[in-house]
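Values quoted throughout were computed directly from the atomic coordinates according to the rules given, and no laboratory measurement underlies them. Given the structure is predicted, the values throughout are model-derived calculations rather than measurements. Cβ placement follows ideal geometry from the backbone for every residue including glycine, while neighbour counts extend to all protein chains displayed.
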Amino acid sequence: MNETKPDPYFAERKPRRCPACRSLHVAAIVYGYPGPELLASAGARGIVLGGCCIGPADPSWRCRDCDTAIYHERLRLLYESTPDLFRREKSSAFWRRIR
Ligand SMILES: [Zn+2]
């Protein structure tokens with residue numbers, strides 16, 4: 001079976017609109033262990049928490065409506081050489097839990 005997955009989205013900076021659903025709710029993903037302040041205010045500040053396990057191919061932004069991940073442009077070369085790294089996306093359930 002030749003499974004084809006569409007290319008992920010890349011951007012230089014946080015896009016105003018989600019490239020997939022045009023939602024304006026694109027959030028920056030903050031990695032690392034969050035303090036209580038950040039946990040309490042994450043939603044209001046338009047960020048989502050990415051957890052403390054940082055991989056080589058983690059997205060920088062994420063749509064809070066459709067869960068589309070957007071990667072920084074600098075990861076494009078990595079994607080072209082090692083697309084498998086990008087297939088290990090965290091599940092939608094993971095993101096819903098921390099929303
Ligand atoms: Zn979206």
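Annotations
- Among the residues of segment 15-54, just one is under 18 Å from Y79 (Cβ atoms) and loosely packed, with under 13 Cβ neighbours inside 10 Å, namely I54.
- Only listed residue being on the phi > 0 side of the Ramachandran plot, away from the ligand (no atom under 16 Å from the Cβ) and out of contact with any helix residue (DSSP H, G or I) (no Cβ under 7 Å at 6 or more places or on another chain), chosen from G50, G46, G32, G55: G32
- Of residues in segment 55-73 being over 13 Å from P8 (Cβ atoms) and out of contact with any Cys (no Cβ under 7 Å at 6 or more places or on another chain), the one surrounded by the fewest Cβ atoms within 10 Å (Cβ to Cβ): P56
Let's see how each residue does on (1) of a type in the set (A, V, I, L, M, F, W, C); (2) in contact (Cβ under 8 Å) with a residue 24 or more places away in the chain:
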| site | (1), (2) |
| --- | --- |
| E12 | no, yes |
| R16 | no, no |
| C21 | yes, yes |
| V26 | yes, yes |
| G35 | no, no |
| L39 | yes, no |
| R45 | no, no |
| V48 | yes, yes |
| C53 | yes, no |
